[in-house]
Structures are given as C-alpha cells and as structure tokens.
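Notes follow once the structure below has been shown.
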Amino acid sequence: MSPFIAKEKCKNIFKSLAFWVILGIILGIILGCVHKELALSVKVGVDYFIHALKILIGPIIFVTIILGIISLDNLKKVGSIGLRAVIYFELVSTLALTVGIFITNVLKPGANMNLDPNEIDSKSVEQYLTKSNADISASSEIIHILKDAIPTDIISPFTEGKTLQVLVLAILTALVISLMKNEDKQSIQKVFEVVQNFVFKILQIIMYFSPVAAFCAMAFLIAQYGLNSLLNLGYLLLVMLFACLVFIFGILGIICYLARVNIFKFMRFIAAEVLIVFATSSSESALAPLMKKLEKAGISKATVGLVLPTGYSFNLDCTNIYLSVCLIFLAQAFGVNLSLSHELSILLVLMIASKGAVGVTGSGFIVLGSTLGALGGMQIEEAGGTLAEVLPITAISILLGVDKFMSEMRAVGNLCGNSVAALIVGIWDKQIDWEKFNYAINHPEKFRNEALN
C-alpha cells in the first residue's frame, strides 16, 4: 500500500463519526475506572444530548411523514403500508417472545440459585411497583393506547415527546393536504421540504456531539456500577445477549434472506447508529439519522416515516426478549417450576403487556413488574398456591444491578428490529429502489456520516 493511500485512509477514519464514538466510549470507560466522582458528574452531558434529540424527533417525524404521504400518487398506499406494518409487527414480536422463553429454558441462567422470596428488600423497587399495580387486560391496554394516541392540542405532542400523537397529527395533516388542488399541494410540499432541511441541519450540528455523549454515558455507567457489577448476574446477561443475537441474525436473518437481503451487510450499513444507541442506551438517539439514512438507501419516505416511529411503540422486539428472559429467569431463581401451559399463558400476557411500554419512562422494568402482577393469580400446583405467593412482584429487585446493561441490549436490538421492519415493509409494498439499496449496503462507507450531510 502506498503512503498516499494509507494517508487517505487515515483521513477517512478521522472523519468517521463511528470512530469518534468508539473513542468516546473507550475514554469514558477509562475515566469511570480512574476518577469516579468526575465520571459521575459528567452524566449531564448525555442527558442534554438525548434531550436535544428528543426535541427534534417530533418535528422530524411530522415533516417526514407528511412529505412521504403527499408524495404518493395513490392514498391507498398509505393504508397498504400501515396494514403490512401491523401484520409484520405482531408476527415478529411474538417470535421474539418465543425466542426469549425457549433460550432461557434451555440455558437455565437462574437454575440452582434457590432464592427466598421472604428475604427480598422491596424498598429498592417501590418506585416501579406503584406504577405497575394495574391489571393488564387486552381491552384496557387497547383503550389506553388509543386514548394516548389522541392529541389534546397541537403543541404538547411535540413538547412532551408523544410520538404516537405526532404520528396521528402528521397523518391527518398529510391526508388533508393530499385532498387539495395539485397547485396548492405542490406549494405546501415545497414549504415542508424547506422545514425538513432546516430541522436536519440542526440535527447535523447536534450529531457532532454524539462522541461527547458516548464518553459521558460510559464514564457514568462504569463509575456507578463498576466493571465488577457485570459478574454478579453475568450469566443472565450472556443469555440475554445470546437471545438477542439469535433473534437478529437468526429470525431477522431468515426474514431478510427470504427478501433477498444479506442481514450482515444490512447490519454493517446501520453500524454507526447501533454504536450511538449502545453508548447512550437510548433508541431515540439514533432515530432521526436512521430515518434519513434509510431514505437515502432507497426506502420510500412514506414507509420509513410510518414504520420506524410506529415500530418504536409497537415493535420493541428485544424488549419482548428481555421480558420473557427475565420472567423465566426469576421463576428459575426462586425455584418455581413452570409447565408448558404456564409458559403459554406468559406468552399471551406478554403479547399484550409489551404494548404497555408505549409512552412509559423506564418501560422495560415497569412492564416486567406489571406482568408479574397480572400473572399473580396463576396456580402453581407444586407450590400449592398462586404465583404471587412464590414469586412476588418485588422479586424484580434482584435485576436492578444489571438492568442498565440489559437496557443497552434492548435499545440496540429494538433499533435493529425496526430497521429491518422498515426494510421488509418497503420490499413487501414495493416501496424500495433496489438499485439505490444494493449500492448502499455494498458501500456503507459512503453513508457512514449520512446524518452529518
């Protein structure tokens, strides 16, 4: 290799956002190990970063969906995309739950722990129990979701980060614009295109600070929990990681294979966004740049704009894996033998409960508690009583030490799952430019800093 080529490669590496994010992660780990107090104090950096991105998510989703819908010649396509997305979400979410239950049963991370429910300290989970004491039922959960999707005014969906309400406003606005005269429609479309460029320019500036956010997040993580904190429930973390990898490269891999897409190439294409999500433990931190990147890769604006935001509410695949893995793990840890009928009941309840994560801060842990509460009346014959008597809701407290690390797995897995969802729905509804897409996944370096362009 000539010195000139080597120099050019070095320049490209230093220009890569992914490189600086990785460097930020490494430096954050070092700071967390050597200066705990300083590392704890820098958490404010990632808080500000995520807060800034959350402010932009509403406007980006709003203008993207509107531009996507009004660009379609036939409004039937909107309903077609939505219907296919719902079918895909429910099918794949159920598969994710099944993967979690099956792998935890095979690997048994909680076996022989022999924990006593009477020795649990409930104080550490009181804040979650107060939020999760409502019974879960299909009707109540559907009503809750529908109510939460109806905006009470135009401003609060954007200021309070209510993605579902922004989605509803955007769809209604786009439908009204689509019914207008063609000249008026084109004029309004140009205005929204200017607004979109403006919002993405702000995003471009914010994304330059993602390595700093990664540094702050990892420094706080290591200082707060320590490197040794992974050892206590390390096997559970490995099982969770293995289940997520099986789902991503197994289940999603097969789905992509049937759609003539190489899952490994596609994951490489979104690697920069995966790194950002891993560092910040927030799926939202990469939502906006991911939407822009998938659009540039040939998936239609309407598909990306509808599927991705909706998926972050209804297609939380690795949150489903987390819920199923943790429930089976807790049963094993407390010596509760679950029959096949018990596990089928858990699967059915989780299919509903996982949708309860919509709009709830710290949703994974809270929904885990509420699911245990909903299953409390289930009879356990060997124990001669109910599940609540042998496995109380307070049992989730033993997961507090590792929940932060599992949160990162959930966030990364959900990002991958929703990216594949947008891809598959786009292919299914013929809303993809194959020439652009194939070029993108075969030349990911051309799109690596797409959020900055």
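Please tell me which of these pairs span more than 31 angstrom C-alpha to C-alpha: K108/K292; K54/K185; K301/K446; K54/K181? Among K108/K292; K54/K185; K301/K446; K54/K181, the Cα-Cα distance tops 31 Å for K108/K292; K54/K181.
Per-residue packing, averaged as other Cβ atoms within 10 Å, sorts the ranges 93-99, 322-328 into the order 322-328, 93-99, beginning with the highest. Among 245-255, 424-434, the peptide with the highest mean count of other Cβ atoms within 10 Å heads the list, and the full ranking is 424-434, 245-255.
Annotation: amide H of T386 within the under-5 Å range of I380, sequence separation 5 or more or interchain, hydrogens built in the peptide plane. Heavy-atom accessible surface of K446, to the nearest 10 Å², is about 120 Å², with a 1.4 Å probe and all protein chains retained. Here the simple spin-label model places points 7 Å from the Cα toward Cβ, and for Q186 and Y235 these points are separated by 6.8 nm. Counting protein heavy atoms only, the range 175-322 has 67 percent of its accessible area on carbon and sulfur, 1.4 angstrom probe. Taking 1.567 mPa s as the viscosity and 4 °C as the temperature, the Stokes-Einstein diffusion coefficient of the range 291-350 based on its alpha-carbon Kirkwood radius rounds to 92 µm²/s.
Evaluate E = 1/(1 + (r/R0)^6) for R268 and L91, where r is the Cβ-Cβ distance and R0 equals 25 Å; express this FRET efficiency to the nearest 0.05.
Working: r = 26 Å, r/R0 = 1.02.
The value I calculate is 0.45.
The values are calculated or read from the model by the stated rules, or taken from the named source; none is laboratory data. This is a predicted model, so every value here is computed, not measured. Reconstructed Cβ throughout: ideal geometry from the backbone, glycine too, with neighbour counts over all protein chains shown. The area values use the complete protein model at the heavy-atom level, side chains included, leaving out ligands, DNA and RNA. Shrake-Rupley method; radii C 1.70, N 1.55, O 1.52, S 1.80 Å.
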